[in-house]
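Step one of this worksheet: look at the structure below.
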Amino acid sequence: MRLVVLPGDGIGPEIVAATEAVLEAASQRFQLGIATTRELAGQASIARYGRPVRPELVELVRAADALLLGPTSTLDYAGEPGPSAIFRKALDLFANIRPARTYPGLPGRLGAMDLVVVRENTEGFYADRNMAHGNADILVTEDVAIAIRKITREGSTRIARAGFELAMRRPRRRLSLVHKANVLTTSDGLFLAACRDVARDFPEVAVEEIIVDAMMAHLVRDPARFDVIVTTNMFGDILSDLTAEMSGSLGMGGSLNAGARHAMAQAAHGSAPDIAGRDLANPMSLVLSAAQLLEWHGRGRGEPRFGEAAKAIEQAVAACLAAGEKTRDVGGGKGTREVGAALVRRLSAPAAA
Ligand code: NAD
């Protein structure tokens, strides 16, 4: 597996270092043969090459099997697309898969839950990436701005299919379609119609439709009720920060950006400048994202040892949480490096898990 690693900004280098060590331990134990290439993206790339992602890097990633991207400080790029947007668009990573679950050592803020947000990742209200050229976040006059939200039948169909296929691999086989078709009757109406068409191919999956604002109340009231949640880009972005924090912390928020041929592991959160460089960041978000990447890679190639490695990483996370080997955001007192080392220890010596 040829993996490109980009450390990113803020806490990125810290949690990427911990994740690389976990991947190396997994590669050794399960003989995954992961070959890593380290490159620069984000502020380090701006400092060296004058831009957050240089075109050659996109080609390098395209030629590789997978990408591990640390969080980046997109707010600081003065309107220029950041690495995350560039790779999502260039590699057509249309499905953003964001699981949120509780563990015995991390009971969650509102009780047990085990759900996955499946967020459309290439259109919707992301005006910097839903156009072939230009940016659809437009200043009409000095005092008037508009942004364009794009919804297509093809985009809605493929994200719905990804969600239903995922629901079929999970024991409960439930799926919630989250939308605002009562107000955005045309665009979310199209999204919903495309999803309903896909639902006909998956009669074993129990489907419900929920309006996004009510969804916030339902989630907080009874998070255990939800299994797979399929929604448009920005609703999914917002919803998945909520579900990650409900599960214990945004620092537990794993996230995979997947397309037909490429995938990028990237934590659900940003670069957390408030805690950067202080050994406080929770590396589990990116470690769990990397586990998702291994599972995706193995499933696509029919190589079960990648899926076994992903399970072993999740078990190591669960064991660390249960043993109190955790960072401050999830009620522990350990640093990023210590938690990373504990994960490697438990992964390398499974009896300890
Ligand atoms: P953030 O997600 O970086 O941080 C929000 C809060 O969560 C902070 O209190 C932070 O300390 C905490 N947090 C995040 N990750 C954590 C971890 N692993 N362990 C412990 N605590 C963690 O959001 P922000 O501060 O609004 O954004 C910072 C920068 O990140 C901005 O430049 C923003 O544009 C960028 N950002 C990038 C992405 C992305 O690349 N996908 C996503 C969100 C934000």
### Query
At GLN28 and GLU142, where each label point lies 7 Å from the Cα along Cα→Cβ, what is the point-to-point distance in nanometres?
6.4
### Query
Relative contact order for the range 223-353 using alpha-carbon pairs under 8 Å, separation at least 6, rounded to a whole percent?
19
### Message
So if I place +1 on the C-beta of Lys and Arg and -1 on the C-beta of Asp and Glu, and nothing else carries charge, what would the dipole magnitude of the range 109-246 be about its Cα centre? I want it in debye, nearest 20.
### Response
580
### Query
How large is the dipole of the range 287-333 about the Cα centre if only Lys and Arg carry +1 and Asp and Glu carry -1, each at its Cβ, rounded to the nearest 20 debye?
60
### Histogram of C-alpha separations across the range 231-353, 10 Å bin width, %
13, 41, 34, 11, 0
### Query
How big is the charge dipole of the chain about its Cα centre, in debye rounded to the nearest 20, if each Lys and Arg gets +1 on its Cβ and each Asp and Glu gets -1 on its Cβ?
940
### Message
Given contacts defined as C-alpha pairs under 8 Å and at least six residues apart, what's the relative contact order of the range 248-316, whole-number percent?
### Response
31
#### Entry: For the range 299-352, alpha-carbon Rg over 2.2 N^0.38 Å
1.28
### Message
Suppose only helical runs count, i.e. DSSP H with n ≥ 4. What mean residue ellipticity at 222 nm does that imply for the chain under -39500 (n - 2.57) per run, divided by all residues and rounded to the nearest 500 deg cm²/dmol?
### Response
-13500 deg cm²/dmol
### Task
Kindly list the residues of the range 301-328 that lie in the label zone of GLU165, defined by a backbone N under 13 Å from the point 7 Å along the Cα-to-C-beta vector.
301-302
### Query
Measuring with a 1.4 Å probe in the full set of protein chains, what accessible area per residue, in whole Å², belongs to the range 109-246?
47
### Message
Give the lysines reachable from LYS180 as a straight Cα distance under 30 Å; neighbours fewer than 8 places away on the same chain don't count.
### Response
LYS89, LYS150
### Query
How much of the accessible area of the chain, in percent, comes from carbon and sulfur atoms when a 1.4 Å probe is used?
54
### Task
Output the relative contact order of the chain, whole-number percent, from Cα pairs under 8 angstrom with separation of 6+ residues.
22
### Query
Rule-of-thumb check for the chain: C-alpha Rg over 2.2 N^0.38 Å?
0.96
### Positive-end residue, the chain charge dipole about Cα centroid, Cβ charges, pick of GLY332, ALA281, GLN315
GLN315
### Message
Can you find, among MET264, TYR49, ASN233, the residue sitting farthest towards the positive end of the charge dipole of the chain, where Lys and Arg contribute +1 and Asp and Glu -1 at Cβ?
### Response
MET264
### Message
Give me, ordered by chain and number, the residues 5 or more places off LEU40 or on other chains with an amide H under 5 Å from its own placed amide H.
### Response
none
### Candidate aspartates and glutamates for bridging to LYS326, where Cα separation is under 13 Å - those fewer than 8 sequence places away on the same chain excluded
ASP279, GLU338
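The values are calculated or read from the model by the stated rules, or taken from the named source; none is laboratory data. Here the structure is a predicted model, which is why all the values come from computation and not from measurement. We place every Cβ from the backbone using ideal geometry, glycine too, and count neighbours over all the protein chains shown. Surface areas here come from the heavy atoms of the whole protein model, side chains and all, with no ligands, DNA or RNA. Shrake-Rupley method; radii C 1.70, N 1.55, O 1.52, S 1.80 Å.
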